[in-house]
Each structure stands twice: as structure tokens, then as C-alpha cells.
1. Go over the candidates SER10, SER66, SER114, SER38 one by one and state the one that is surrounded by 21 or more Cβ atoms within 10 Å (Cβ to Cβ) and touching a residue at least 60 places away in the same chain (Cβ under 8 Å).
2. Of everything in segment 70-87 that's touching an Asp or Glu at 6+ places or on another chain (Cβ under 8 Å) and more than 17 Å from ALA328 (Cβ to Cβ), which residue is farthest from the ligand (Cβ to nearest atom)?
3. Considering only residues that are closer than 17 Å to GLY84 by Cα, aliphatic (A, V, I, L, M) and at pLDDT 85 or above, which ones fall in segment 202-231?
4. So GLU94 ticks every box in (1) charged (D, E, K, R); (2) within 16 Å of the ligand (Cβ to nearest atom); (3) over 17 Å from the mean Cα position of the chain (by Cα) but one. Which box is left unticked?
5. Here is a list of conditions, (1) on the phi > 0 side of the Ramachandran plot; (2) at pLDDT below 95, and GLY345 meets all of them except one; can you say which number that is?
6. Here is a list: GLN132, GLN143. Which entry is touching a residue at least 12 places away in the same chain (Cβ under 8 Å), away from the ligand (no atom under 16 Å from the Cβ) and not in a loop (DSSP other than H, G, I, E, B)?
7. From the list VAL229, VAL277, which one is within 30 Å of VAL115 (Cβ to Cβ), surrounded by fewer than 21 Cβ atoms within 10 Å (Cβ to Cβ) and of a type in the set (Val, Ile, Thr)?
8. Return the only residue of ALA101, ALA149 being more than 16 Å from the ligand (Cβ to nearest atom), under 15 Å from the mean Cα position of the chain (by Cα) and crowded, with 24+ Cβ neighbours inside 10 Å.
Amino acid sequence: MASTRGTITSIEDLRQLAQRRVPRMFYDYVDCGAWTESTYRANSEDLARIRLRQRVGIDISQRNLSTRMVGEAVTMPVALAPTGLAGMQWADGEILAARAAERFGVPFALSTVSVCSIEDVAAHTSRPFWFQLYMMKDRAFMQRLIARARDANCSALVLTLDLQVQGQRHKDIKNGLSTPPKPTLRNLANLATKPRWCLNMLGTKRRTFRNIVGHVEGVEDVSSLAHWVAGQFDQTLSWEDVRWVRRLWDRKLILKGILDPEDARIAATTGADAIVVSNHGGRQLDGAASSISMLPAVAEAAGEQVEVLFDGGIRSGQDVLRALALGAKGVLIGRAFLYGLGAMGEAGVTACLDIIRKELDVTMALCGITDVAEARRALLEARAPAQPEPRLARHA
Ligand code: GLV
């Protein structure tokens, strides 16, 4: 059990601390999947089952973790994923996470449904960040968001393709998730046990969806916003819409939510620069295959035209290396950094990145490689019992 900051040695320690410090509805929003959560669990369980090969007799004294992701220099191949409501894990959470990422030298991706706005984050950082977008019915609003991202010097647009309808998350419904929380007896009782969170929140003006509220007519408060979001996601989304976004945005375009080789083949023809192999952290299609089990086949189908990134279940540097070995150029972490943010604010995000970097560095050494670019399938134990390959064969 993580009792003090001094004892934190793993992402699991950060998770436990976040669980104690963050109001239940916001902690649960992060730590949940859709319906039975079977895909959510499979993401990390399938990663953990992949065995790495221990190698010896190789000079591993000089090691390099730096590389490039979507053309950007990074100190390790890990970006902070776009996640909703980071500013409810800790006051001004998106600004703090973006600053931690900038200091660390890795990309930060801001969600459309963030608390801090594009302009808030841009005003507090100097490294260009990525901006995530959904396909919405209100194309004029999408165009305004894209223009705001351009004005804020965002270097990449991340278009999410797997959330046109929402997978049901039981906990959010049971908790009556809203931003800010409604003053019900249950919520007030829970908030009373989170004095640090309440104090921090009282010190900021950023407590609602600032990319949206004030930018869309008729959306002044949270209840009308929730209604607007439910009605806004465009279920007619087609590959032609993806090409429309491509035409509007002349910087890097990343398509997120590709889990099937057939979709990867099509995505590669859209002019996008990268795809993220993802099942939305198990928050959407419960029953879908784990992200890692699909990675090799999706990467092969994507070919050389697009860069392949990965998310889903990464909780350690060992997991990062597993994903690289199976074909990813880099990974996105969501919950791992949100646990850090909820536990300790900016210092917690830095702690998360530090933990992952040290684990990746030492794991590379113990596998006998000295550069992240050398991560290949040969790093993995050939006869491990639960490699993803058998399931992948059906999709190849
Ligand atoms: C938003 O993208 C979510 O998964 O809640």
C-alpha cells in the first residue's frame, strides 16, 4: 500500500494513491471499462502474459531511449493520450500534465472533452501539443476547433474513430457523473473525504468543458452540454469524412481507434500520418480483442505508409517494450498518467513518466538491447504459452 510519496515505486502505487485522493466519480471514470470490463482487463492481462527474452553477454553500458514519434523528437517513445476530464483528477490537470510532458520531452494530447481549453494549455506550455477531435454533426464547430488547434500551434490532430456511440460504463451511470459534481448528499459525503482535491478545485476557475462551453450556442451549463454531446457525435462517420478532416488540416494527422487489419488498410489510404491501434482502453466495445493481441496484424496491414502507434493496458516500461517488439513505433498512456495526476498533480505525472522510463531502460538492458529502435519480435520468448500470435492468425 502506497502510504507516502517516498514509497512510490510503480504505477500501481500511483493508482492506489489516486483512488484515495480523487472523488469517487472521477476516479471511477478513469478506472472503468464498458459493460463487463472484459476488454478493459484483457488489455493489460494479455500484455502481462507476453514473455521477454533474457539475454546476457552483450555490452549494454550505453543505452538510448530517444526516438521520434510522428516526426517529433521524444526522449522515450511514450505520449500522454487524450483523456476526458483530466482536469477533474486534479485542478487544472491538463495544464499540469502538458507541462510535465514538456519537461520530460514527450508529446501531450489534449482531449476535446478536457476541462482546460486548447488556449489554456497553449498559454502554459511552449512545446506544441496534439489535439484530439471527434467527428461531430456540427461541422462548423469542428472547423472552429481545428482552427483553434492551428492557432495554438498544435503539431498534430488525433481523430478518434471508435466513439460515435458510447459503450456503457456502469460506474458512471451509478455515480451520476457530471462536471462539476452535483451537490447531492452522496457526492458531498464523498467530497468531504477529499479535502486536498476540494481545496485545489476552489483555487481554479476551470471546472467545466472549456473547449465547448462558451464556444457553442446553447451550451451554458453541464446538463445542456451532456445533452449536446449525446446528440453531437456523428454516427454517419465514413472514411470520406476522414479525408475531409485531412484536407482541413495540413499538419500531422493521427487516426485513433484502429483495431482491425481491414480498417488499417483503408486508414493507410486516407493520407493520415499515423494510426493508433486501440480499443479505447476497453471503454467502448466490450468483447473486442485486446489491443496488444491485434497489434501485429494491424501493423502488418498498415504497411509502410502510416506510422503505427499503440495504446491499451500499458502500465510499465516492460509493456512499452512489448508493444514496440510487436510493431509499434511508440505508445500512448492514459490511465497510467491519470493515476499519477490524481495522486500528486504535476509531480505525479512526472513520477509516472520517470517510473516508465526507468523500467524501459532496465528492461532493454536485461533483454540485451541498447536502443529502442532495436526492439523487434525477436525480443520475445518464442515458446511463451500465451503469445498473441495464435489469435492473430485468423486476422492476417
Ligand atoms: C472519452 O473519450 C471517454 O472514453 O470517456
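The values are calculated or read from the model by the stated rules, or taken from the named source; none is laboratory data. Model, not experiment: these values are computed from the prediction. Reconstructed Cβ throughout: ideal geometry from the backbone, glycine too, with neighbour counts over all protein chains shown.
1. SER114
2. Checking each candidate, the answer is GLY87.
3. ILE212, VAL213
4. Condition (3) is where GLU94 drops out.
5. So GLY345 meets the others, but not (2).
6. Checking each option against the conditions leaves just GLN143.
7. After applying the criteria, what remains is VAL229.
8. Exactly one residue qualifies, and that residue is ALA101.
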